[in-house]
Structures are given as structure tokens and as C-alpha cells.
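**Q** Let me give you the structure first, and then I'll get to my questions.
What follows is calculated from the coordinates using simple rules that are stated; it is not laboratory data. Small disclaimer: the values here were computed from a predicted structure and weren't measured. Backbone-built Cβ (ideal geometry, glycine too); neighbour counts: all protein chains shown.
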Amino acid sequence: MEKFEKLTGIAAPLDLVNIDTDMIIPKQYLKTIKREGLGVNLFDEMRYDQDGNENPDFVLNKPAYRETQILVAGDNFGCGSSREHAPWAIKDFGIRCVIAPSFADIFFNNCFKNGILPIPLPQEQVDILMKDAEKGANARMTVDLENQTITTSDGVEIAFEVDPFRKHCLLEGLDDIGLTLNKATAIDGFESKMAQDRPWV
Amino acid sequence: MTGKTLYDKLWDAHLVDQAEDGTCLLYIDRHLVHEVTSPQAFEGLRMSGRTVRAPEKTIAVPDHNVPTTEGRETKIDNEESRIQVEALDKNARDFGVVYYPVSDIRQGIVHIVGPEQGWTLPGMTVVCGDSHTATHGAFGALAHGIGTSEVEHVLATQTLIQKKSKNMKVEITGTLPPGVTAKDITLAVIGKTGTAGGTGYVIEYCGEAIRALSMEGRMTVCNMAIEGGARAGLIAPDDTTFDYVKGRPHAPKGAQWEAALTWWKTLKSDDNAHWDKVVTIRAEDIAPVVTWGTSPEDVLPITGTVPAPGDFQGGKVEAARRSLDYMGLKPGTPLTEIKVDAVFIGSCTNGRIEDLRAAAEILKGKTLAPGVRGMVVPGSGLVRAQAEEEGLDKVFTEAGFEWRLAGCSMCLGMNPDQLAPGERCAATSNRNFEGRMGRGGRTHLMSPVMAAAAAVTGHLTDVRELLAETV
């Protein structure tokens with residue numbers, strides 16, 4: 001997995017609540033058997049019209065936001081389907097950090113497996129970052145995972161919480177299957193005990 | 001001492017390891033797999049030279065992409081869909097997991113197949129790369145959706161890295177009035193708590209109205225726990241559960257059945273358990289409901305009118321404006337005046353035999369309103385066969401519905417079953433998101449009997465009026 005340490009980049013405002021994973025990447029793009037190449041269809045139905053032309057009003061189509069690396073969004077981001085194609089599309093577009101008042105559970109987990117940092121913050125703090133993101137390309141936000149801070153383009157610093165294990169995996173770019181396989185003895189032990197206690201499983 | 005909730009007990013029974021920082025490793029008893037969220041996971045195993053740790057606990061079935069028309073076992077027209085179904089076929093055979101191909105009568109929606117075959121049992125942990133895995137919670141199993149990276153993790157290790165969720169109790173007291181169903185319960189709960197109301201929680205549904213539900217109804221309730229934001233929904237197992245499970249192909253038998261039953265009977269929350277959140281709803285207060293917007297929390301009793309953006313607060317004002325625009329609805333319109341173009345009966349929420357029986361009961365001797373197209377997609381090949389044995393297929397086809405083969409179908413429109421732009425559908429599925437059933441398609445979620453009522457009249461309808469006519 002790609003490491004996430006410190007990121008300075010353009011933040012885009014997407015001030016909508018309940019952005020679901022169908023909106024992030026519609027079903028027709030789930031037919032791939034690969035993880036790459038989904039960025040062009042990120043937010044497909046908001047980003048393009050029926051004929052595939054860009055919608056100039058959609059934030060990621062505006063000149064200032066074409067190189068977006070940080071997304072600031074509304075409450076309950078990533079709700080709905082468990083499709084990991086959603087974080088794959090976000091990552092493939094070049095976005096490495098999403099900030100919102102809250103995230104849906106499965107999407108939140110999926111981000112960490114793909115080198116994306118999702119940051120939940122109180123609404124008032126998201127509002128500050130949303131305003132900063134609205135300034136456009138000259139305003140760059142910095143997200144520092146090691147120190148757990150976000151710094152706006154005018155130097156306002158906001159601290160955030162992150163689970164220590166997930167932080168460690170992101171900073172080091174660790175594959176957690178490898179980590180779990182180190183615990184094979186514990187899994188073997190559990191299975192032996194279960195064969196006694198619950199043989200029907 | 002504080003007692004334990006059912007969730008606490010299931011968690012403790014599957015805890016393999018707990019790290020100092022509280023990160024836990026949970027054992028997974030059943031891993032369900034479908035063609036859309038698994039190819040990258042199997043590819044990951046190949047790339048790293050890993051194998052499936054417990055192929056006998058891994059059950060694969062194609063459901064999302066498969067056409068629901070005849071001839072599909074030899075030919076799938078859409079090339080990408082065909083490749084994905086073929087990839088599952090190859091992966092299932094290469095890694096030796098349990099597999100129900102499209103040619104097998106047991107094929108169907110993964111969340112219908114698991115319980116039907118007895119793979120899902122009380123007290124288990126069940127995961128699948130699909131958010132509606134919450135369905136299996138109806139058996140008192142801890143069941144939830146995971147992403148593809150986690151699918152790979154479970155394939156390789158039969159465990160999942162987890163943090164414990166909080167406990168939420170949703171109690172439905174009293175008795176459901178006529179015409180009100182499990183679907184109305186689950187939608188009413190989401191209407192009350194919101195789509196993020198359950199975030200960070202596992203919900204246990206309880207109360208007299210839940211106890212009175214069949215297993216089919218309980219699965220409908222738990223299925224949509226995810227739409228309320230919860231990691232999982234649970235219902236403590238009881239005699240209704242045990243009666244359903246007994247005799248299923250993969251349920252325990254003989255002495256093992258007795259041993260299992262003894263343990264299963266302990267699977268309930270202690271009276272003095274701690275709840276982080278409690279929601280109570282009187283069954284008598286629940287009416288047949290429909291959704292008006294593009295989020296499952298946009299729920300109203302069928303007797304209501306389309307709301308205005310100004311009825312909401314915060315970010316929901318803009319969301320409501322956007323929803324009304326997408327749905328082509330004007331504030332103040334009575335919901336019963338909304339005309340429909342299509343009716344979809346099926347999905348992992350309402351594609352079981354009882355759902356088809358309920359819809360057929362309303363449709364018997366009636367026909368689709370002029371200009372309305374109707375589609376029934378049974379949840380599995382066995383549900384379809386059972387329905388045909390009972391003559392339900394005749395009721396549907398005589399009413400003018402198409403009688404299809406099993407799959408996810410129009411619920412997410414990955415196969416050819418989709419809405420056209422602007423087309424409005426009364427649907428028994430679980431999501432009314434923008435574009436969910438086809439780009440520009442408009443979805444109103446409701447129960448099977450409400451969908452059947454809309455099919456007959458051509459507009460959203462209070463099924464209780466049709467019930468009154470038949471009495």
C-alpha cells in the first residue's frame with residue numbers, strides 16, 4: 001500500500017450530505033476486475049452529462065480544482081454500497097484525503113486499506129475547511145498525519161483524531177494481511193478450540 | 001455487574017486476539033462471495049502466492065451481473081458482465097470454495113442463498129463484500145458487509161481486523177396493523193433515526209412486533225440496518241429461527257443439532273445489559289410507508305404529502321431541493337397522486353417466498369394499470385420453483401408482470417434490467433439513490449403489498465384501501 005505521511009494540495013468543496021457510493025462510482029464501472037483506471041469516472045453522473053460531456057458546474061471540472069488532492073464534504077460521506085471501487089476511484093483521481101462531519105462505516109474502513117486518509121471532524125471545523133477549499137487553486141491545505149493536524153491556506157491549524165493502528169499502517173504503508181498472518185498460531189488455536197465447542201460451524 | 005448484549009456475546013465468542021491498542025482479530029465462520037467485489041481479492045491472493053484458508057466456509061454465487069432472462073447459462077451478452085461471472089467461476093474452482101453457478105437451481109442472491117441452504121446459522125459471524133450482509137443478522141448472527149481488501153483478508157486468514165461497535169436497541173412494541181409489514185418497520189426506523197443514526201453501532205431489534213415476524217420478515221428488517229448506517233442488525237434467535245433452520249442442507253443434524261440448540265438458546269441480551277442508545281417505536285404508530293426522495297431516510301406514511309426543502313434543517317435543505325428536482329416532484333403533492341411507470345418486486349430485501357405470496361395476494365384477479373410495466377425477480381432458483389409450485393407465477397403473469405430468473409436485477413441495474421431516464425418505479429428494493437436503478441431513474445421504496453397496490457392503480461396507493469375492498 002502507498003504510504004500517507006504529509007500532504008499539501010488543493011482541497012475541493014463538495015457541500016452535500018449523504019454522498020453515497022453509487023454517486024462516487026456508478027454501477028456500470030463495477031464490472032472491472034482491476035483496481036485501477038476508475039478515476040475518470042469518479043462522480044460520473046454529476047461530472048458528465050448523458051452524452052459524456054463534462055458538466056462545467058461540477059467542482060472537479062472547474063479549472064481551479066482539476067488537480068484536487070483533498071475533498072471536503074458533507075455529513076455521512078460514502079454511505080450505501082460496500083464497493084471498494086469508491087475509494088479506488090477517489091485514489092485513482094488523485095485524492096488522498098477526505099474530510100467530512102461523518103463517514104459511513106464500510107467506506108471509512110475501505111479508505112485505510114488504500115492509502116486514503118478519511119478525517120471526521122465536528123461540523124464547525126468542517127465549515128472552516130469548506131470555506132478555505134472554496135478559495136480555489138491558490139489555496140493549499142496541508143494534512144500532516146504524523147502530527148494529526150490540518151493547516152488551512154491562511155495558517156489556521158485544526159487537530160484530528162485517528163486510530164493508532166490505522167495511523168501506523170498508513171504511515172508505513174503496511175499490508176495488514178501480512179500482519180495478521182503473523183498471528184497464525186492464535187488463529188490455529190482458536191480453530192482447534194472451536195472444533196471442540198462448536199463442531200457444527 | 002453489567003450484563004452483556006447479544007452483540008457482546010457474539011463478539012466474545014469470536015475473538016481470536018486483542019492487541020494492546022484495542023485492535024481485535026475476529027474469527028469469521030462464513031464468508032459469502034459474489035462476482036462484483038471478489039475478483040481483485042482472488043487476484044491479490046494469486047499475486048502473493050496465498051491460498052484460501054477455509055474453502056469449506058467460503059460460499060460463492062454470481063448474482064449482481066447475471067441476466068434474469070432464459071439462456072443465461074450459455075450466454076451473457078454484456079462482455080464485461082460475462083468476464084466477471086467467468087472470473088468467479090474460475091476463482092471458485094481454482095481455490096476450491098463452495099460454488100453455486102448460474103446453471104444450479106440453488107443460485108440466487110447471495111443473501112437469500114446463504115440462509116436457504118443453512119449456511120447461515122445463529123451465533124455465527126458472517127461477512128460478504130456486500131453491504132446487505134446485514135440480512136443474516138435475522139438469525140442472531142453477527143453479519144456485515146466488507147470491502148474487497150477485507151474480502152482478501154478473510155480469504156487468506158479467515159479473520160477480520162475489527163474495532164468493537166456500540167450497542168443500540170431498537171424496540172418495536174405492540175402489534176402491526178393490517179397492511180403494515182416488516183419493510184414498513186425497517187423504513188420507519190430509518191425515517192426516525194436517519195441514514196447516519198446507526199453509524200458506529202450494531203442494532204438489536206426486539207419487542208413484540210419483531211418476535212411476531214417470520215424469518216423472512218426479520219431478514220427484511222435486518223437487511224436495511226445498513227441503510228440506517230449501522231454496521232449490523234441483529235435479532236435474537238428463538239423457536240421461529242430454529243424451526244426455519246432445522247433440516248436445511250447445511251444445518252447441524254442429530255447430536256450436533258442438540259448441542260447447537262443448547263448454545264443458540266443462550267444467545268440473547270441479558271436484562272441488565274448496557275445500551276448506548278435506545279429507540280422505541282409503537283407498531284400501532286407505523287403506517288404503510290414510501291420514500292419520496294433519494295435517501296432511504298426520506299420516508300413518509302402513504303397518507304402524507306411531498307415535503308418542501310424548507311421543512312428541513314442544515315445540509316438536508318439543499319439535499320431535499322436536489323432530491324425533489326431529481327425525483328420530479330412538487331412540494332405539497334399528495335403521495336397517492338404520484339404516478340408510476342414501473343413496478344419491481346424482488347431483491348435481497350423482498351425477494352423471498354413470503355414477499356411473493358404477499359404481493360400475489362393483492363394482485364390475484366387484477367391486472368397492471370395501463371402503461372405500467374411490472375417485473376418480478378425471485379431471490380433464488382428455489383424461491384422461484386416454490387412460487388411456481390404454489391401457482392404464484394400465474395398470478396403475476398396473468399396480471400401482466402414479467403416472471404424472471406433469480407438475481408439482483410433492477411435493484412442496482414448492473415444487468416440489463418434498468419429504468420430509463422425519468423422513469424418512475426415502485427420498488428421493493430433497498431436504495432432510492434440517484435441513478436441506482438438506471439441513470440435518471442426514479443425509485444420509490446415500499447413493501448411488496450404496497451408495490452402490488454401501485455401496480456394495480458398506476459399510482460402510489462395505500463394498500464389498506466385495497467384490503468378494505470376485498471373484505
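**Q** Arrange the following residues from fewest to most other Cβ atoms within 10 Å of their Cβ: B:Thr2, B:Thr240, B:Thr157.
**A** In order of increasing Cβ crowding within 10 Å: B:Thr2, B:Thr240, B:Thr157.
**Q** A further question on this structure: Which of the aspartates and glutamates could a cross-linker bridge to B:Lys394, judged by Cα under 17 Å and excluding same-chain residues fewer than eight apart?
**A** B:Glu354, B:Asp355, B:Glu361, B:Glu402
**Q** Out of residues 5 or more away from B:Ile59 or on other chains, whose amide H comes under 5 Å of its own, with H placed 1.01 Å from N in the peptide plane?
**A** Long-range HN contacts for B:Ile59: B:His31, B:Leu32, B:Val33.
**Q** Relative contact order (percent) for region A:107-184, with alpha-carbon contacts under 8 angstrom and 6 or more residues of separation? Mind dumping the intermediate values first?
**A** Values: 57 pairs, mean separation 18.1, N = 78.
The value is 23 percent.
**Q** List the lysines whose Cα lies under 17 Å from the Cα of B:Lys164, skipping any in the same chain that are fewer than 8 positions away.
**A** Straight-distance partners of B:Lys164: B:Lys4, B:Lys9, B:Lys277.
**Q** Averaging over all projection directions, find the projected area of the Cα convex hull of region B:137-204 and quote it in nm² with one decimal place.
**A** Mean shadow area of the hull around the Cα atoms is 6.2 nm².
**Q** Now, a different point. First check a/c for region B:382-471, with a ≥ b ≥ c the square roots of the eigenvalues of its C-alpha gyration tensor; if it is under 1.5, answer rounded, and if not, answer prolate when a/b is larger than b/c or oblate otherwise. Could you put the intermediate results ahead of the total?
**A** On the way: a/c = 2.20, a/b = 1.20, b/c = 1.83.
Judged from the Cα gyration tensor, region B:382-471 comes out oblate (a/c at least 1.5, b/c at or above a/b).
**Q** In terms of the ratio Rg/(2.2 N^0.38 Å) built on C-alpha atoms, what value belongs to region A:80-201?
**A** Working: Rg = 19.0 Å, N = 122, 2.2 N^0.38 = 13.7 Å.
Computed over Cα atoms of region A:80-201, the ratio equals 1.39.
**Q** Show me the ranking of peptides B:271-278, B:79-86 by mean Cβ neighbours inside 10 Å, starting with the highest.
**A** Numbers: B:271-278: 12.4, B:79-86: 18.1.
The most tightly packed comes first, giving B:79-86, B:271-278.
**Q** Which residue, B:Thr428, B:Gly438, B:Ala452, has the largest displacement toward the positive end of the dipole of region B:425-471 when charges sit on each Cβ (Lys, Arg +1; Asp, Glu -1)?
**A** Towards the positive end, the residue furthest out is B:Gly438.
**Q** So which GluC sites (Glu not before Pro) in region A:139-186 end up in coil per DSSP with only 11 or fewer other C-beta atoms within 10 Å?
**A** Sparse-neighbourhood loop GluC sites (Glu not before Pro): A:Glu146, A:Glu161.
**Q** Straight-line reach from B:Lys339: which lysines fall under 20 Å, measuring Cα to Cα and dropping same-chain residues less than 8 apart?
**A** Within reach: B:Lys330, B:Lys366.
**Q** Further, regarding this structure: Just want to confirm a number: the relative contact order over chain B, from Cα pairs under 8 angstrom separated by 6+ residues, in percent.
**A** Working: 1127 pairs, mean separation 80.3, N = 471.
The value is 17 percent.
**Q** OK, next. Sorted by average packing, counted as other Cβ atoms within 10 angstrom per residue and highest first, what order do B:13-22, B:51-60, B:161-170, B:147-156 take?
**A** Order by mean packing, descending: B:147-156, B:161-170, B:51-60, B:13-22.
**Q** Under the definition of partner shielding as Cβ atoms of other protein chains within 10 Å of a residue Cβ, what is the mean value for peptide B:291-298?
**A** 2
**Q** Sort the protein assembly as shown into rounded, prolate or oblate with this rule: let a ≥ b ≥ c be the square roots of the eigenvalues of the Cα gyration tensor; rounded if a/c is under 1.5, and if a/c is not under 1.5, prolate when a/b is larger than b/c, oblate otherwise.
**A** rounded
**Q** Over region A:57-110, one equal point on each Cα, no solvent: what is log10 I(q)/I(0) by the Debye formula at q = 0.16, 0.25, 0.31 Å⁻¹?
**A** Scattering profile of region A:57-110, log10 relative to I(0): -0.49, -1.07, -1.27.
**Q** What does the charge count near B:Asp29 come to, summing +1 for each Lys or Arg and -1 for each Asp or Glu among other residues with Cβ under 10 Å from its Cβ? Working shown, then result.
**A** Values: positive: A:Arg198, B:Arg30, B:Lys57; negative: none.
In short, +3.
**Q** Please arrange B:Met215, A:Met1, B:Met450 by how many other C-beta atoms lie within 10 Å of their C-beta, fewest to most.
**A** With the sparsest Cβ surroundings first, the list reads A:Met1, B:Met215, B:Met450.
**Q** Please report the net charge: other residues with Cβ closer than 12 Å to the Cβ of B:Gly228, K and R +1, D and E -1.
**A** Summing Lys/Arg as +1 and Asp/Glu as -1 gives 0.
**Q** Further, regarding this structure: Taking 1 over the mean of 1/r across every pair of different Cα atoms in region B:82-205, what Kirkwood radius in Å do you get?
**A** Result for region B:82-205, one decimal place: 16.9 Å.
**Q** What is the magnitude of the charge dipole of region A:87-201 about its Cα centre, with +1 placed on the Cβ of each Lys and Arg, -1 on the Cβ of each Asp and Glu, and no other charges, expressed in debye to the nearest 20?
**A** 260 debye
**Q** Place +1 on the Cβ of every Lys and Arg and -1 on the Cβ of every Asp and Glu in the protein assembly as shown, take the dipole about the Cα centre, and give the residue among A:Asn53, B:Val290, B:Val126 whose Cα lies farthest towards its positive end.
**A** Selected residue: B:Val126.
**Q** What does the average come to when, for each residue of peptide B:24-33, you count the partner chain Cβ atoms lying within 10 Å of its Cβ?
**A** 2
**Q** For a quick check: with amide H placed at 1.01 Å from N, whose amide H comes under 5 Å from B:Glu402's, ignoring anything fewer than 5 positions away on the same chain?
**A** Here B:Gly374, B:Met375, B:Val376 satisfy the definition.
**Q** In the structure displayed, which of B:Lys246/B:Lys268; A:Lys34/B:Lys166; B:Lys163/B:Lys183; A:Lys91/A:Lys167; B:Lys57/B:Lys246; B:Lys166/B:Lys246 lie more than 27 Å apart, Cα to Cα?
**A** Long pairs (Cα-Cα over 27 Å): A:Lys34/B:Lys166; B:Lys163/B:Lys183; B:Lys166/B:Lys246.
**Q** Is the shape of region B:126-263 best called rounded, prolate or oblate, per the rule: a/c under 1.5 gives rounded, else a/b larger than b/c gives prolate, else oblate, with a ≥ b ≥ c the square roots of the Cα gyration tensor eigenvalues?
**A** Oblate.
**Q** Per Stokes-Einstein, at 4 °C and 1.567 mPa s, what whole-number D in µm² s⁻¹ belongs to region A:37-84, with the Kirkwood radius over Cα pairs as the hydrodynamic radius? Don't skip to the answer; put the middle values down first.
**A** Values: Rh = 12.3 Å.
Answer from the Stokes-Einstein relation: 105 µm²/s.
**Q** Next up: Mind checking the mean number of beta-carbon atoms from other chains within 10 Å of the Cβ atoms in A:11-24?
**A** Per residue, the average neighbour count from other chains is 4.
**Q** While we're looking at this one, here's another question. Tell me, what ³J(HN,Hα) does each residue in region A:42-48 have, in order and in whole Hz, if you take phi through Karplus 6.51 cos²θ - 1.76 cosθ + 1.60 with θ = phi - 60° and put x for Gly and Pro?
**A** 4, 6, 3, 6, 8, 7, 10
**Q** For a label point 7 angstrom out from the Cα of B:Lys253 toward its Cβ, which stretches of region B:95-135 have the backbone nitrogen within less than 14 Å?
**A** Only B:118 pass the distance filter.
**Q** Next question, about the same structure. What does the helix-only formula give at 222 nm for chain B: each DSSP H stretch with n ≥ 4 adding -39500 (n - 2.57), the total divided by the residues, and the result rounded to the nearest 500 deg cm²/dmol?
**A** On the way: 17 runs with 158 residues, N = 471.
Calculated at 222 nm, the ellipticity per residue is -9500 deg cm²/dmol.
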